[in-house]
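Nothing in this text is a laboratory measurement; each read-out follows from the coordinates by a stated rule. The shown structure was predicted, so the numbers you read here are calculated from the model rather than taken from an experiment. Here the Cβ positions follow ideal geometry from the backbone for every residue, glycine too, while neighbour counts run over all protein chains shown.
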């Protein structure tokens with residue numbers, strides 16, 4: 001028996017599951033907005049990617065704070081309460097992740113402001129400096145994108161850097177959460193694009209991207225289960241059925257649907273979003289039961 | 001600088017009296033009930049059942065009986081935080097609440113902990129839990145306050161059979177080796193020390209003499225430090241980021257002109 005079965009559950013529940021999902025969407029949307037912008041795709045998609053990232057980061061921070069048993073001490077993640085020195089452990093994913101989320105929130109805020117300026121809703125002159133082609137604008141986008149990817153992926157690494165069953169029995173959760181963040185974010189942008197009437201190359205490009213990362217996600221989840229070795233046997237129950245349904249309904253079916261989507265169909269992307277959420281819930285809750 | 005201090009628990013002389021549990025609760029003012037709930041196991045004299053935020057000592061009752069109950073034995077073991085030399089909880093704690101003391105023990109500072117619970121999942125032995133009274137993660141402190149005053153921990157003081165031995169780690173190891181030799185000479189070949197050498201998490205400052213496999217006592221056979229997964233997980237994630245970036249380039253490059 002794996003030694004991970006002798007440990008206690010941290011009892012992370014819905015707030016953490018929702019954070020894992022929304023944090024991934026925030027980082028992934030910011031990343032996709034940058035890439036769409038670089039390739040000159042539809043501005044509405046670019047703006048939506050940047051606009052949605054900031055509120056999602058705010059909700060993420062709120063969820064993380066509410067999940068603490070002593071929420072009023074949320075700032076202890078950043079400041080050592082005895083010495084008032086900055087509190088950062090690069091080797092603790094939760095510590096580095098808290099800083100990354102804070103920093104990403106700052107860059108997401110700047111990009112959000114830039115988009116508001118682009119739309120003419122903010123008339124400050126300085127706002128122009130926050131968007132490319134200025135050097136500052138590019139720096140904000142590049143650093144924000146890197147931080148967004150970090151936020152999207154570190155949550156899986158955090159789970160692996162424990163001693164809990166499944167989480168610590170594989171080293172692939174980080175990359176799976178990252179890829180899943182990319183697929184769910186692309187799905188979110190496709191849904192928005194459909195709602196906003198964006199047509200043509202931009203949405204097709206997102207669908208191509210989503211199909212490819214979904215295939216990668218499917219391969220990685222199968223590899224993750226294989227990497228569990230004998231621990232994988234714990235999936236031979238109702239939870240395993242749930243995982244199988246998620247793989248079929250949340251990944252395989254959307255791949256097929258997005259290969260030949262009816263015009264304006266959002267069924268595939270919605271299934272991807274639901275699948276991404278269900279996957280995180282299964283991973284978080286099932287380990288807690290073992 | 002004081003010497004590294006700890007516990008050597010000889011499970012072969014534990015009688016399951018739970019004096020250690022009571023002394024621990026008394027000294028550390030731990031609540032008797034879990035948030036007002038007082039539950040009984042219903043199938044054992046062991047109603048404590050596990051270590052957590054309000055049970056820092058736990059006397060395990062392990063019944064090994066044949067099906068007809070003619071042959072059998074009780075294994076009793078007073079379990080506690082292992083105060084690992086390489087402590088997983090201390091590694092992951094994002095607030096700096098978990099510290100290593102001058103006695104080489106591991107202590108959670110309740111006034112700093114914010115209840116994130118990362119340490120609970122990181123502990124290879126499952127000894128940490130939330131104390132509902134404080135809302136923070138708590139576990140054995142090896143009676144840090146008593147050690148600073150030159151006293152031995154409450155549990156070791158209360159133990160009537162010297163199953164729980166407290167002292168400098170070097171002295172405890174000599175004592176344990178002598179007892180191990182005595183048991184082997186007496187024919188108890190299953191006796192072995194758990195966590196007494198550095199191969200297990202750099203050494204456990206609370207180690208045990210057992211007469212069966214660790215799993216029988218609810219101890220992990222091969223406890224590991226959580227950070228073993230950090231580098232490979234981070235590397236996979238970086239490769240994933242590269243894969244996403246390349247996929248986006250391949251997917252978003254122009255196929256017949258730009259959008260408006």
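I need a count of the residues in segment A:157-172 that are in a helix (DSSP H, G or I) and either under 9 Å from the mean Cα position of the chain (by Cα) or facing chain B (nearest Cβ under 7 Å) (or both).
Matching residues across segment A:157-172 total 2.
Would you mind telling me which numbered condition in (1) surrounded by 15 or more Cβ atoms within 10 Å (Cβ to Cβ); (2) part of a helix (DSSP H, G or I) residue B:215 fails?
(1)
Does residue A:245 satisfy the condition of being crowded, with 18+ Cβ neighbours inside 10 Å and more than 14 Å from chain B (Cβ to nearest Cβ)?
In short, no.
Among the residues of segment B:32-40, is there at least one that is in contact with a strand residue (DSSP E or B) (Cβ under 6 Å, 6 or more places away or on another chain) and at positive phi?
no
Does residue B:187 satisfy the criteria of being over 15 Å from the mean Cα position of the chain (by Cα), closer than 24 Å to residue B:76 by Cα and not in a loop (DSSP other than H, G, I, E, B)?
Answer is no for this residue.
Go through A:160, A:183 for me and flag whichever is over 18 Å from residue A:98 (Cβ atoms), buried (at least 24 other Cβ atoms within 10 Å of the Cβ) and in contact with a helix residue (DSSP H, G or I) (Cβ under 7 Å, 6 or more places away or on another chain).
Criteria check complete, one pass: A:183.
Only one of (1) assigned to a loop (DSSP other than H, G, I, E, B); (2) over 20 Å from residue A:154 (Cα atoms) is not met by residue A:73, so which one is it?
Just one mismatch for residue A:73, condition (1).
Does residue A:148 count as closer than 19 Å to residue A:49 by Cα and surrounded by fewer than 16 Cβ atoms within 10 Å (Cβ to Cβ)?
Judged against the criteria, residue A:148 is not a match.
Just the residues that are facing chain A (nearest Cβ under 10 Å), part of a loop (DSSP other than H, G, I, E, B) and farther than 14 Å from residue B:82 by Cα, please, taken from segment B:99-127.
B:109, B:110, B:111, B:112, B:113, B:114, B:115, B:116, B:117
So, in segment A:6-37, exactly how many residues are closer than 26 Å to residue A:290 by Cα, at the interface with another protein chain (Cβ under 8 Å from one of its Cβ atoms) and touching a residue at least 24 places away in the same chain (Cβ under 8 Å)?
Count: 5.
Of all residues in segment A:256-269, which are in contact (Cβ under 8 Å) with a residue 24 or more places away in the chain, surrounded by fewer than 18 Cβ atoms within 10 Å (Cβ to Cβ) and part of a helix (DSSP H, G or I)?
A:259
I need the full set of residues from segment A:57-68 which are surrounded by fewer than 19 Cβ atoms within 10 Å (Cβ to Cβ) and free of Cβ contacts under 8 Å to residues at least 12 places away in the same chain, in order please.
Across segment A:57-68, the qualifying residues are A:62, A:65.
Report the residue count in segment B:59-83 for those that are part of a strand (DSSP E or B) and within 11 Å of the chain's Cα centre (by Cα).
Adding up the residues that qualify gives 1.
When you go through B:93, B:155, B:140 one by one, which is the residue that is crowded, with 20+ Cβ neighbours inside 10 Å and at the interface with another protein chain (Cβ under 10 Å from one of its Cβ atoms)?
B:93
Is it true that some residue in segment B:87-98 is in contact with a helix residue (DSSP H, G or I) (Cβ under 9 Å, 6 or more places away or on another chain), in a loop (DSSP other than H, G, I, E, B) and more than 23 Å from residue B:224 (Cα to Cα)?
There is no residue in segment B:87-98 that is in contact with a helix residue (DSSP H, G or I) (Cβ under 9 Å, 6 or more places away or on another chain), in a loop (DSSP other than H, G, I, E, B) and more than 23 Å from residue B:224 (Cα to Cα).
Name the residues in segment B:218-251 that are touching a residue at least 40 places away in the same chain (Cβ under 8 Å) and more than 7 Å from chain A (Cβ to nearest Cβ), would you?
The answer is B:225, and nothing else.
Please verify whether segment A:190-202 includes one or more residues that are assigned to a helix (DSSP H, G or I), within 9 Å of chain B (Cβ to nearest Cβ) and buried (at least 23 other Cβ atoms within 10 Å of the Cβ).
Yes, because at least one residue in segment A:190-202 is assigned to a helix (DSSP H, G or I), within 9 Å of chain B (Cβ to nearest Cβ) and buried (at least 23 other Cβ atoms within 10 Å of the Cβ).
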